[in-house]
1. Could you look through the stretch 210-229, keep only residues that are in contact (Cβ under 8 Å) with a residue 60 or more places away in the chain and more than 14 Å from GLY127 (Cα to Cα), and pick out the one that is farthest from the ligand (Cβ to nearest atom)?
2. I'd like the full set of residues that are more than 15 Å from the ligand (Cβ to nearest atom) and surrounded by 14 or more Cβ atoms within 10 Å (Cβ to Cβ), limited to the stretch 115-138.
3. With the checklist (1) within 15 Å of ASP320 (Cβ to Cβ); (2) surrounded by 17 or more Cβ atoms within 10 Å (Cβ to Cβ) in hand, flag the one item PRO381 doesn't pass.
4. Would you please list the contacts, defined by Cβ atoms under 7 Å and residues six or more apart or on different chains, that run from a residue in the stretch 368-383 that is among the β-branched types (Val, Ile, Thr) to a residue that is open to solvent by less than 10 Å² (accessible area, probe 1.4 Å) and modelled with pLDDT of 95 or more?
5. In the stretch 306-325, is there at least one residue being closer than 15 Å to ALA380 by Cβ, at pLDDT 95 or above, in a loop (DSSP other than H, G, I, E, B) and open to solvent by less than 10 Å² (accessible area, probe 1.4 Å)?
6. Which of the residues spanning the stretch 183-201 are open to solvent by less than 20 Å² (accessible area, probe 1.4 Å) and without any contact (Cβ under 8 Å) to a residue 60 or more places away in the chain?
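The values are calculated or read from the model by the stated rules, or taken from the named source; none is laboratory data. None of these values were measured; they are calculated from a predicted model. As a convention, Cβ positions derive from the backbone with ideal geometry for all residues, glycine included, and neighbour counts pool all protein chains shown. What goes into the accessible areas is simple: the full protein's heavy atoms, side chains included, and nothing from ligands, DNA or RNA. Shrake-Rupley method; radii C 1.70, N 1.55, O 1.52, S 1.80 Å.
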Amino acid sequence: MLSRRRLFHVGLGAAVASCASLEKQSFGAGDRLQNPHPSLTASATAGFTSLAQVAARKNILYGAASDYAMLSSDAAFAAEYLENCAALVPENGLKWRALRPSPEQFDFTKSDWLFNFAETHNLAMRGHALVWHLSMPGWFKETVNRRNAESSLVRHIEAVAGRYAGKVHSWDVVNEAIEIPDGRSDGLRNTPWLEFLGEDYIDLSFRVAEQADPTALRVYNDYGLQYDTTSHNAKRGAALNLLERMQAKGTPIQAFGIQSHLRASETRFNAEKLRRFLRDIASMGLKILITELDVSDQGLPADLEDRDRRVADAYRAYLDVVLDEPAVIAVLTWGLSDRYTWLAEFKPREDGLPVRPLPLDENLERKLAWGAIAQAFDQAPAR
Ligand code: 9MR
């Protein structure tokens, strides 16, 4: 295995005797007052060695989604990954479809590999996700019904969370349970779990997760919450209502995950509304994680420099707001390099050019986005 220390860029590491002193020169507080996005140039990345290290100085955990396929086979990518990340989020490797070849079986081969990788390299592990309506195995529909839904849910959570008990930083216990267009007054999504078990499937999941692994932070995770649009505004309201209902029932939830799949072309961003949402969650005694951050460049002009700058600006503007909230303890990007991103398939560009939503480009070089994220961490209040 590659050791983390060996993976650091020797040249850069040697040139930067002290990150702290360099940052003071380049990105002091004064810069920020005059210009909210100081020196977003390629050289802005040179003062920092690793995103995780800059974040850690403010007690923020930084990591990225990845998976067995790339970490086990792409050594150059794995090296950059280990240099930049302090937390590993299996992008697909802990979903039902990955772990459940049949109703009776669990296949932990690749997930065990990921946990070993994390342990070897001292990475915190995020668990994603115990309960979700997507990425379910083919057998689920034919096998799970009203009669056996509860035992099936409980068995899955006990087996998966139980196997990795004590090794998980935080579990996304329930993922994406809100869907306003489904038309229910409680805003919940019509899923098989809801149909078979009612709203309490959410509470049940958190209770079983707590028993199976009392040490992992238990997270409710969802998307579509950050913008000032009709649907996002409504979803924030429904999310707060859900949290209130859960707390009233004594459900052991400890944190809220805001996925944060951003669009660089989106202008309907209202910092005040977002701040208030974060405050409302924090005032319920919950921590907040930014769980799936990336910035789609769909709809942006082709020009590379312009495109990268606007993606970087979106990262910076968003992180500046969310990191002001001390309850935000972690930032996870949904991937690290444009070499591997779900957006290439799910939100391709109209002109067919490769998408560029992540901190590193497809050659693993740092982009403006890398510098924007590093600066946002550097200037965030400590927590
Ligand atoms: O990035 C993931 C992609 O590779 C999978 O095909 C897809 C379906 O399992 O899930 C993607 O990740 C999603 C995450 O699990 C939940 N939030 C939205 C993410 C992007 O779709």
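1. The residue in question is GLN226.
2. Of the residues in the stretch 115-138, the ones more than 15 Å from the ligand (Cβ to nearest atom) are 115-125.
Listed by number, the residues that qualify are PHE115, PHE117, ALA118, HIS121, LEU123, ALA124, MET125.
3. So PRO381 meets the others, but not (2).
4. Sorted first by the residue in the stretch 368-383, then by its partner, the pairs are ILE373/LEU51; ILE373/TYR315; ILE373/LEU319; ILE373/PRO359.
5. So the first thing to find is which residues in the stretch 306-325 are closer than 15 Å to ALA380 by Cβ, and the list is 315-325.
Right, trim to at pLDDT 95 or above and you get 315-325.
If we keep only those that are in a loop (DSSP other than H, G, I, E, B) as well, we get 323-325.
Checking the rest, the ones that are also open to solvent by less than 10 Å² (accessible area, probe 1.4 Å) come to 323.
Yes.
6. Correct list: GLY187, LEU188, THR191, LEU194.
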